[in-house]
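*Asks:* First the structure, which I've put down as structure tokens, then a few questions once you've had a look.
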Amino acid sequence: MSQYAGAGPTVHDPMTLPSDDNINNYTFCVELKGSQWFLQKGKMIAYYGSIDFNGIGHGRLDRLVRTSFHSPLHASDWVVAEGSGKMLLADRAFDVNSYDLEDGNLTIRSGNLLAFQPTLALKQSIVPGFLTLIGTGKFVAASNGPVVFMEPPIRVDPQALVGWADCPSPCHHYDHGYMTGLMGGLRAMTGLGGASGEEHQFEFVGAGTVLLQSSETLMAEQATGAVPHQAGVPGSGVPSTGPSPQSGVPRLPGQLGDLQRRFGL
Amino acid sequence: MGAAGGYLRSVAMFRLQGSKVLAVEMTGDAVKAKNGSMVAYDGQMAFKKLSGGGEGIRGMVTRRITGEQMTVMEVRGQGTCWFADRASEINLVGLQGDKLYVESSNLLATDAGLRTGTTFTGLRGASQGNGLFTTTVEGHGQAAITSDGPAVVLRVSPQFPLSVDPGAYIAHQGNLRQSFQSGVTFRTLMGEGGGEAFQIRFEGDGLVYVQPSERNTIAGDV
């Protein structure tokens with residue numbers, strides 16, 4: 001064993017790997033003992049033991065999917081890991097953390113959710129691009145930089161929002177004063193005089209917890225599946241110009257996130 | 001260089017400064033490092049580009065043919081030299097006569113006393129999108145490899161074989177057999193795949209380095 005000793009990092013084997021806990025900030029280890037986990041495709045980096053990965057459409061999983069998976073058109077992004085052993089999860093070297101829900105609910109940006117126990121039910125949030133977990137159990141989520149927990153009332157930057165628990169859905173907040181009047185109009189049209197880039201926030205009120213990441217780098221959006229084409233269903237008809245602007249696309253200074261249009265300027 | 005003659009067998013000392021910068025202390029000896037990876041040095045250093053990885057004509061030709069090209073420089077001198085590569089995490093590997101298999105793009109620096117070469121990896125290499133060949137490092141000394149996020153080192157023993165996603169694999173050392181596992185079934189073709197269709201299975205005795213991030217591979221979408 002001393003053969004490999006030296007300045008190298010810690011060596012892990014199935015005995016020393018933690019059970020359902022972080023190995024470091026970026027890698028999470030899940031222990032399976034004949035149990036099942038839902039897993040987003042491609043987030044498993046290595047495993048010991050015998051673990052099967054089956055698509056959601058696998059016939060044997062019908063019952064499980066019926067009770068804990070309510071995003072039918074999202075199904076092709078998820079697999080069920082089943083067997084015994086320890087598997088390592090990671091995502092693009094982002095921070096990963098596990099969270100315990102106890103008879104609660106939590107809504108999370110779909111790209112940030114890596115895995116969850118089937119004791120939780122996954123549902124598509126009516127906020128486009130978000131998923132809601134309901135029930136009791138553990139899930140693993142990724143964020144760019146560590147997650148901080150905040151309590152409402154709070155206004156948060158759209159790109160920093162990871163998710164929220166127990167509180168009602170957020171609404172948009174605009175710095176209205178900044179955008180109106182002659183000077184505001186000029187600023188909006190030309191970008192001169194400075195757009196701080198923070199004229200638009202999500203506002204949370206009520207009791208609950210808001211999860212923020214400590215950077216404004218978004219994870220790639222995962223398709224959450226189409227919603228039924230029905231009147232009254234957000235995002236069903238119109239092309240989504242939803243709450244989160246196209247991730248990663250920088251706004252031109254004069255556009256201010258298309259605010260001028262919303263204020264009729 | 002004559003001044004260093006007093007050191008019969010001086011070995012460059014590798015140490016990490018933070019997790020993204022490698023500091024090497026040298027007393028007249030040399031290290032091989034990725035071209036252009038030096039960020040700072042003090043003392044006296046000479047940088048010499050080694051064509052074709054410094055393995056002679058044969059090595060150079062082999063690397064050309066196999067696509068495992070490395071542009072390597074030899075750094076020799078007295079003092080401390082710091083290396084870094086695109087802010088990626090650096091992992092130190094100590095070699096005591098065993099062989100390290102690593103992708104040339106992940107190899108940052110090696111002790112000049114270590115031999116580097118090229119080896120055939122077969123399907124595993126292809127599944128990583130890195131070609132069919134990989135770089136080997138052999139001998140006694142230290143090497144530094146880079147990874148996207150800090151690497152996790154996993155021990156493989158006869159009773160605990162390990163399966164690794166090709167996109168997360170960066171290196172392995174020791175006496176390991178690797179085989180390529182494919183879970184491609186009718187379901188995969190129907191778009192109902194398990195998402196982890198290709199894996200490399202390691203059996204034997206040794207260490208495997210994985211990074212908490214996946215390169216884009218042909219297996220990634222299946």
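The values are calculated or read from the model by the stated rules, or taken from the named source; none is laboratory data. Predicted model only: the values in this text are computed from it and were never measured. Backbone-built Cβ (ideal geometry, glycine too); neighbour counts: all protein chains shown.
*Asks:* Enumerate the strands (runs of 3 or more DSSP E) found wholly within segment B:61-154, keeping only those where 3 or more residues are modelled with pLDDT of 90 or more.
*Replies:* B:72-83, B:89-102, B:107-111, B:133-147
*Asks:* I would also like to ask the following. Consider B:SER157 carefully, then state whether it is within 8 Å of chain A (Cβ to nearest Cβ) and modelled with pLDDT of 90 or more.
*Replies:* Yes.
*Asks:* Here's something else I'd like to know. Which of the residues belonging to segment A:21-34 are among the charged types (D, E, K, R) and surrounded by 16 or more Cβ atoms within 10 Å (Cβ to Cβ)?
*Replies:* A:GLU31
*Asks:* Same structure, new question: Out of B:LYS20, B:LYS48, B:LYS34, report the one residue that is modelled with pLDDT of 85 or more and more than 18 Å from B:ILE170 (Cβ to Cβ).
*Replies:* On inspection, the qualifying residue turns out to be B:LYS48.
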